[in-house]
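Everything below concerns the one structure shown next.
The values are calculated or read from the model by the stated rules, or taken from the named source; none is laboratory data. Predicted model only: the values in this text are computed from it and were never measured. Don't worry about glycine lacking a Cβ; one is built from the backbone with ideal geometry, like all the others, and counts go over all protein chains shown. These area figures cover heavy atoms from the full protein model, side chains too; ligands, DNA and RNA do not enter into them. Shrake-Rupley method; radii C 1.70, N 1.55, O 1.52, S 1.80 Å.
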Amino acid sequence: MISDGKFGKYGGIFVPELLIPAIEELESAFYQYKDDKNFNKELDYYLREFAGRPTSLYHTQRLSEKLGCKIYLKREDLLHTGAHKINNTLGQGLLAKFMGKERLIAETGAGQHGIATAVIGALFGFPTDVYMGSEDIKRQRLNVFRMELSGARVISVESGSKTLKDSINEALRDWITNVDNTHYLIGSSMGPHPYPTMVKHFQSVIGRESRKQILEKDDKLPDAVIACVGGGSNAIGIFSAFQDDREVELIGAEGGGEGPSGRNGATLSFGTEGVLHGSLSFVLQDDDGQISEAHSVSAGLDYPGVGPEHSLMMVEGRAKYEPVMDNEALRGFKLLSKYEGIIPALESSHAVACAEKYAKKPENKGKTIIINLSGRGDKDMHIVSQKMGAGV
Amino acid sequence: MNNGPETYPEMFKRVKEKSEGAFIPFVVAGDPDLETSLLVVKEMVNAGADALEIGFPFSDPVADGPTIQAADVRALKSGMTTSKGFEFIRHIREFTDIPIGLLVYYNLIYQRGIGQFYKEAQKNGVNGILIADLPPEEASSAIEFSKKFGISQIFMVAQTTSNSRLSHISQMAEGFIYVVAVKGVTGARSDLERDTLDLIHRVRKHTDLPICVGFGISKTDHIKKVLKAGSNGAIVASVLVELIEKYQEDRRVMLMEIRRLCLALKKATRGCGP
């Protein structure tokens, strides 16, 4: 291996021996192509022409006025498939193509990463299998249909809790069995090395654009950058460009669910150190190390682990992570919809709610904030309408 | 037990002297409950098991197929914990001296404290520990404590393992080398791939340690083939766990079936020693 994949003591390669050759091959290809001129030329082409980059950094008027801060939105919600996920699936999909792989597999919770992978499978002509918990399939029929329209096969996962973490287990098992011809396209900055580093690399385009755009508009860096954190890919993507600017506060909004004593997905806020899905990080677990089931109103934050670099940024104090409860996220959802006409994904609504809390502190009055609006809310209409009693 | 449990080298010497291979059955501690799984182990020992592989159940066993995962779920539902796992080993030690290997996922060890886990393992009579999701790259702490507490650190190798890794792993490993018979996760299979037999030959060239083959060994014919190819033992898991699953409502039949299968599997190791 070229690197041990450690962020401080976090990260690493905690996988069965059977997977090591696949990981070595992937790592070597990633380091070879990430700075390759032809690879990047092609990736830039697809990011621009297929996905719709660059996305704008939009200065909100009414929301800024209401909250007494200068609030920008990084509009990842405007990308093809409606979220930042496509940055990573394009990068990894192209890498799989350069590596000569013949098949893609992916895990998905609510279906967003599954869709972003299915679309890339269609774009590059890969047969694509997406693992999805049978519970999630029931809750997300529409997304299953979208994936199938793009030619992917959605495989129902019946093991364990039948949700995202079990889909990751099944996808890992598939990869263990079919390492020769298959690329496992992990959807977040978690998993064994090189995934956390690789996913960050492909999502760092969010940060690079944001930094350039804010300097063009304001001629200075923002005071705070706020993003939601499930596995943590959109957050690490936007944080990456500001990590060395100590004066910029980096804040991750976790899925606080029902709070610390109830079911939640706030791994950094309420979890402890442990090894899950290939890396050492923070996890939700019992005293023996059995992994707990996570819960959040937003399926994308409903994961009992978190990317290892976030664990390091938290313990080093470089970033803060705050739990945002389900009801607070719903308020953020309504706030942005009402004041800006932009309906955010429930995941991103956590970042909006977190920004609202930040802006309300007297010491933060008038500060400049970038919210990473990682996805749009169309997919969440039925959940929100139910919660509001609108019964759409 | 006057001199403590039998060691792995002693066990392999014992079976070799009888021109046999080692028959090593696997069971998940607490599947479907602590009392029943203890009776299962007793049947396995009485039927001629030469050593035991005991799995501690984990909520997210990525190296295992659906059969073992379902066993983990049953065990956890019945209230298994790490403490009860060690209690289970202690009870096994009341009736047998044969080597006991643990098969665990790293998070269980990490939460216990690595040193504490190895200490308790030694105290309760464990001979070896294999950590399913801990490749050599991450194993330095585990190896340090395995040496401190005199526990054999066992490693897996697979068809995908390169020769240079094979040499490296052979140097780190103790007890025996666990050869993964098939590409993929645990689970009973009907065919034994030609590649597996080639792999045994390849591993043999890189190590003086005994070799045991596991994953997908479900028939007497598989055992004969892998022993003939140079393996010193065979680890049988899923096909036994399937019996526990099938007869969980009827313990008497379950134990009878386990006994019958173990007798047949042990018999297959006779006259096949390397």
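Does B:N127 meet the test of being within 11 Å of another protein chain (Cβ to nearest Cβ) and at pLDDT 95 or above? Judged against the criteria, B:N127 is not a match.
Taking the residues in region A:10-56 that are within 11 Å of chain B (Cβ to nearest Cβ) and not in a helix (DSSP H, G or I) as candidates, determine which candidate is modelled with the lowest pLDDT.
A:P16
Out of all the residues in region B:142-170, which are open to solvent by 10 Å² or more (accessible area, probe 1.4 Å) and of a type in the set (G, A, S)? If the condition is that a residue be open to solvent by 10 Å² or more (accessible area, probe 1.4 Å) and of a type in the set (G, A, S), then B:G150, B:S152, B:S162, B:S164, B:S167, B:S170 are the ones that fit.
Farther than 18 Å from B:F58 by Cβ and touching a residue at least 60 places away in the same chain (Cβ under 8 Å), is that true of B:I169? If you could, list the steps in order and put the result at the bottom.
Numbers: farther than 18 Å from B:F58 by Cβ: yes; touching a residue at least 60 places away in the same chain (Cβ under 8 Å): no.
For B:I169, the condition - farther than 18 Å from B:F58 by Cβ and touching a residue at least 60 places away in the same chain (Cβ under 8 Å) - is not met.
All of A:G252, A:G259 fail the test of being touching a residue at least 24 places away in the same chain (Cβ under 8 Å) and either at positive phi or within 14 Å of chain B (Cβ to nearest Cβ) (or both), apart from A:G259. The set of residues from region B:9-34 being assigned to a helix (DSSP H, G or I), under 26 Å from B:Y105 (Cβ atoms) and out of contact with any helix residue (DSSP H, G or I) (no Cβ under 9 Å at 6 or more places or on another chain) comprises just one member, B:M11. When B:K77, B:K147 are checked against the criterion of being among the charged types (D, E, K, R), more than 21 Å from B:V45 (Cα to Cα) and away from chain A (no Cβ under 14 Å), a single residue qualifies: B:K147. Filter region A:238-255 down to the residues that are in a strand (DSSP E or B) and in contact with a helix residue (DSSP H, G or I) (Cβ under 7 Å, 6 or more places away or on another chain) and list them by number. Scanning region A:238-255 gives A:L250, A:I251, A:G252, A:A253, A:E254, A:G255. Condition (residue is among the aliphatic types (A, V, I, L, M) and not in a helix (DSSP H, G or I)) applied to region A:191-210: is it met by at least one residue? The answer is no, given that none of the residues of region A:191-210 is among the aliphatic types (A, V, I, L, M) and not in a helix (DSSP H, G or I). For region A:344-359, the criterion of being of a type in the set (D, E), in contact with a Cys (Cβ under 9 Å, 6 or more places away or on another chain), within 27 Å of A:G111 (Cα to Cα) and in a helix (DSSP H, G or I) is satisfied by at least one residue.
Screening region A:67-141 for helices (runs of 4 or more DSSP H) wholly inside it with 2 or more residues that are of a type outside the set (A, V, I, L, M, F, W, C) and farther than 30 Å from A:V225 by Cβ returns the ranges A:134-139. Taking the criterion of being on the phi < 0 side of the Ramachandran plot and in contact with a strand residue (DSSP E or B) (Cβ under 7 Å, 6 or more places away or on another chain), the residues of region A:179-205 that qualify are A:N181, A:T182, A:H183, A:Y184, A:L185, A:G187, A:M190, A:P192, A:H193, A:P196. For region A:350-387, which positions are in contact with a Lys or Arg (Cβ under 8 Å, 6 or more places away or on another chain) and farther than 19 Å from A:D223 by Cα? Across region A:350-387, the qualifying residue is only A:G375.
The condition of being surrounded by fewer than 24 Cβ atoms within 10 Å (Cβ to Cβ), more than 14 Å from chain B (Cβ to nearest Cβ) and either under 20 Å from A:T197 (Cα atoms) or touching a Pro at 6+ places or on another chain (Cβ under 7 Å) (or both) holds for only one of A:E316, A:E340, A:E328, that being A:E316.
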